[in-house]
Amino acid sequence: MKTVWTIVPFPCASSPTGRRALRKDLLSSLRASGSAVIVDLSDCRTLNHEDIDLLLECVAQVAGRDTQVLFVAGSRVNRVLLEVTRISSVVPVFNSVKEALAYPQVAAENDHEDRRAS
Amino acid sequence: MRSPGRCLCRSWVGDLGEEGKRVELGAVVVVPAGGDVAAIHGAEPRAVAASENSRPLYSSRVPILGNDVLRSWMDRVRKLGVQSLWLTSSLGDESVSTSVLAGFAQQGVERLLMIKLKSYAELDLADLLRFHCEKRNPVTEAQDARGQLGVSLLDHLALRAAGENHEPPGAARDSQRTAYQFNGYAKGILSARGRQELVRDALTGACAIRPLGTEIREQVWIGEGVELADSARVIGPTYIGARTIIRAGATIGPFASVEPDCVVDCGTTVERSTVLPYTYLAPGLLIRGELVDGGYLENLGWGAVADLHPAGLAGRIHRSEERRQAFSKTATDVFSRAARASARGFALPPTASQPWVQVQL
């Protein structure tokens, strides 16, 4: 069976309620066994400290597990922030979802799943 | 209140003109991206706001390895024999107003040396003056392979024409302008990339500018009152400016310049980057190939400017009175001289949009 790649949009900081819902979605996606998650920051113009905390929580969530997480920066500013906070040294960061889906590890895993299915 | 034209600083410079004649010369320095007189007096580190698609400009008064580039230009002007100069600021790239230039002409200034403080250049001003006198064109502009250096010489014809035509001398016809080709060391200082290149060259001895501090080991300079944690690493070539605090586990260098009065918190790395004065960097950051100015960071490669405030990653340190005094004793002592000159009867001109300060050299 082919791995399901979940793309989770990461919108700009909204209300506390919206943030709690985002956190719940994100962490439940990451907890789902055998799943890989692409966190898409394209709709988030700039990251604040709560956003950074949540992204670090995502990193911590998948540490030591098979679940893979990729970040899509969506903008140069977000990419700079991910580099400055060293998040990009532990999680692969891409400019777009298309680029993330072409990531060798993702592609290789997809191929592997395809071969197993056939 | 008097305008520069009515309170002239002129100097006689010997044996530079044609046939060894003495040349009367006035001098003006324009600080671009300065905004106002306060920016000149305080050398407040700040970038002029950038639009979405453009990189910010940095004030040319912000120190480079603890040095004030204005002072290097003032030293060069003084070596010409000029005893004082007029200093002003402009918000953008515009130069001195045409009415002020006409004022210089009315007061009988034969030649005016105008320096737009947008580059550091190891320019021989005497040679530039000699060239200008030989060519006999109204305007001479110094340039290198990258473009104009912001240094020009205007004779009385150009000054008078500026007033009559209400056009800046830069708009003079090509036939009236001569380019002085400079092949020595020059670097633009308004952009983050130019500043970082100058830092790199100064740290490796590729230009004449030297870090302001003590060389504690090969290619590592430290200013007065620096607090360096035992576990912090400093990798040369690197400069750490006066009163800066480097906390435990931080790594500074190589090719880094942390200017005076900064705080680099625990575990943060600053590499191939410049941190402008009064900047706080939070713990655990990786600053590589960037310029940080308070809460703003410009990536030197992509040119992306990120606001680090919302993420709490960096910020501007408010100056304490003690630090303010220490700063004024070093980088801005030229302005205390200017203040003394004012007290002796020199006055700032009334033009609110373009304030003037006369500085004794």
Just checking, which of A:73, A:32 is within 14 Å of chain B (Cβ to nearest Cβ), in contact with a strand residue (DSSP E or B) (Cβ under 8 Å, 6 or more places away or on another chain) and hydrophobic (A, V, I, L, M, F, W, C)? A:73
Is it fair to say residue A:97 is more than 14 Å from chain B (Cβ to nearest Cβ), crowded, with 20+ Cβ neighbours inside 10 Å and modelled with pLDDT of 85 or more? no
For the condition on the phi > 0 side of the Ramachandran plot and small (Gly, Ala, Ser), what is the one hit in B:236, B:225? B:225
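Table: residues versus (1) in contact with a strand residue (DSSP E or B) (Cβ under 6 Å, 6 or more places away or on another chain); (2) small (Gly, Ala, Ser); (3) free of Cβ contacts under 8 Å to residues at least 40 places away in the same chain; (4) buried (at least 20 other Cβ atoms within 10 Å of the Cβ).
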site: B:190; (1), (2), (3), (4): yes, no, no, yes
site: B:200; (1), (2), (3), (4): no, no, no, no
site: B:210; (1), (2), (3), (4): no, no, no, no
site: B:217; (1), (2), (3), (4): no, no, yes, no
site: B:220; (1), (2), (3), (4): yes, no, yes, yes
site: B:223; (1), (2), (3), (4): no, yes, no, yes
site: B:238; (1), (2), (3), (4): yes, no, yes, yes
site: B:258; (1), (2), (3), (4): yes, no, yes, yes
site: B:267; (1), (2), (3), (4): no, yes, yes, no
Working only within the range B:124-160, note down all residues that are of a type in the set (A, V, I, L, M, F, W, C), closer than 20 Å to residue B:102 by Cβ and assigned to a strand (DSSP E or B). B:139, B:153, B:154
So residue B:144 ticks every box in (1) at pLDDT 95 or above; (2) surrounded by fewer than 18 Cβ atoms within 10 Å (Cβ to Cβ); (3) acidic (Asp, Glu) but one. Which box is left unticked? (2)
Would you tally the residues in the range B:285-304 being surrounded by fewer than 24 Cβ atoms within 10 Å (Cβ to Cβ) and more than 7 Å from chain A (Cβ to nearest Cβ)? 8
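The values are calculated or read from the model by the stated rules, or taken from the named source; none is laboratory data. These numbers were taken from a predicted model, which means no experiment stands behind them. When we count neighbours, we look across all protein chains shown, and the Cβ atoms used for this are built from the backbone with ideal geometry, even at glycine.
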